[in-house]
1. More than 25 Å from residue 117 (Cα to Cα) and assigned by TED's automatic domain parsing to the domain that holds residue 115: is that true of residue 383 in this structure?
2. Considering each of 398, 357, 404, 430 in turn, give the residue that is within 30 Å of residue 268 (Cβ to Cβ), of a type in the set (Gly, Ala, Ser) and either crowded, with 24+ Cβ neighbours inside 10 Å or out of contact with any helix residue (DSSP H, G or I) (no Cβ under 8 Å at 6 or more places or on another chain) (or both).
3. Among 394, 327, 373, which is under 20 Å from the mean Cα position of the chain (by Cα) and assigned by TED's automatic domain parsing to the domain that holds residue 457?
4. For region 169-195, which residues satisfy the criterion of being within 20 Å of the chain's Cα centre (by Cα) and of a type in the set (Gly, Ala, Ser)?
5. Within region 306-321, how many residues are farther than 21 Å from residue 194 by Cα and either outside the structural domain of residue 254 (by TED's automatic domain parsing) or modelled with pLDDT of 95 or more (or both)?
6. Sort through 198, 222, 210, 243 and tell me the only one that's modelled with pLDDT under 95 and either under 21 Å from the mean Cα position of the chain (by Cα) or farther than 13 Å from residue 138 by Cα (or both).
7. Within region 446-467, how many residues are charged (D, E, K, R) and surrounded by 13 or more Cβ atoms within 10 Å (Cβ to Cβ)?
8. Six or more apart or on different chains, Cβ under 7 Å: which pairs go from a residue in region 115-135 that's under 16 Å from residue 448 (Cβ atoms) to one that's at pLDDT 80 or above and of a type in the set (D, E, K, R)? Could you list them?
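The values are calculated or read from the model by the stated rules, or taken from the named source; none is laboratory data. Because the structure is a prediction, the values reported are computed rather than measured. Using ideal geometry, Cβ is built from the backbone for each residue, glycine included, and neighbour counts are taken over all protein chains shown.
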Amino acid sequence: MNDKSGWYEPFDRAGQAESAVNAVPAAGGQTAVTAGRKTSSKSRGIWMVILIVLLVAALIVLSSIIFRKISGSKIDLTIDNNGDVSSFSFGGSDDGFGILPFDVPDSGSETPADEFPESKDDFFSSFFTPAESYDVNIGADTYEGKLDQRLELSENGTKLLTLQELYAKCSPSVVTIITYQNKLTEFGMGTGIIISSDGLIMTNTHVIDDCDRITVKLSNDDLYEALLVGADASSDIAILKIDASSLPVAEFGSSDTLQVGEEVAAIGNPLSESFRSTLTNGIISGIDRGVNYNGRTMTVLQTNTALNNGNSGGPLYNMYGKVIGVTNMKMASSVYSSVEGIGFAIPSNNAISIANALIANGEVRGRTSIGITVGAVPDNAAEQYKIPFGLYVTDVTAGSDAEAKGILPGDIITHVNGKEVRTTQDILDAKEGLLVGDSMIFTIYRDDTGKTFDVEVVLMDTLDVYG
């Protein structure tokens, strides 16, 4: 199965066989178990001791590898106007989902002196892992008409709902998204939210990625062909249109008022159509979490509500029956075997803002991009190579103004707008509030020449840089 999307991999029926319990049904429906020879208690004890020793040794080696691999972090400065980062990568992460359950040092990371290669470039090429790109490929037919709907947030009201009341009220506005390749081969399944009575549907972009046909099944089993209105990879929000009328519409509440510990519930389609319209519940576990999604950092809500493959694109409700998030991720790890109860949802305020832009224009404009990928220079690396502290440029995006102005990989940014920068947050702070067309002045140290000079870079629209 394709591992690009981590836990929310488009549902593949073949995956059911892969994840099935490793037992063989015997005749008569019993489970056949292979019998083995009995061993003595003493032999078993010896082998248990050996196994424990080997496991401890393996854990020590694995821990060393993991913490060495994450010693560098970098940030691709494709940043929203509100200062949110829309492209971020952890150095050395090989997790299928890309989230590691510990902090990644941003500056001051140390490397043993005897491990420094002779070349500075060799050191930084191994210290920072190249940022992953994520290109959306949706071949489904597009909607060509003009839409004038605009989503709004609504007040919570005064009556808290029971879970039974919430399900009865909200489940009719939750739909099943089914995607296809080659028009006929079922490829994936996810969840969607009805946002207009005439057939606008909100879901996740990753749910419909790599498909060329989309269908929407309502809670009453009516099936519709869907057209693509627009999809945004950075926010993971997509809008579809079906030819329908008088549909039940979900109500959106404000995610800005949420508090940790507040009760929430999700309705979605985990794993297969057999579990359509499943209700799960939990609490808000965290707010404003920055997590990595295919090379981009998203600001999301954290919840312990049970979420699984197929829940993507579905609603997360408060107990007033208002959508306060769009579920799209959960924590998964190839390093830690027991990651449970850590799911994520796009805050409703963000989702509505993106949705309104997609409905109006089919794309999202106004997010600014510098077009460079940088990482903090470790303190002892600066001393080893006799270079200044700052942010090391690992990549410059083709077509950006940074490229046009001559910034090169290997340059070190020491100041932005005259202020010293040592961490990626420093450059984000300098960037906050700036718009497309505004400029920033970067003070650059170039080791090849030993010279320091200033470069004025004009901020460009993210779509013009990354497409």
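1. Judged against the criteria, residue 383 is not a match.
2. 357
3. Values: 394 fails: under 20 Å from the mean Cα position of the chain (by Cα); 327 fails: assigned by TED's automatic domain parsing to the domain that holds residue 457.
Residue meeting the stated conditions: 373.
4. The answer is 188, 190, 192.
5. 0
6. Answer to the check: 210.
7. Applying the first criterion (charged (D, E, K, R)) to region 446-467 yields 446-448, 451, 454, 456, 461, 464.
Those still in the list that are surrounded by 13 or more Cβ atoms within 10 Å (Cβ to Cβ) too: 446-447, 461, 464.
Final tally of qualifying residues: 4.
8. 120/447
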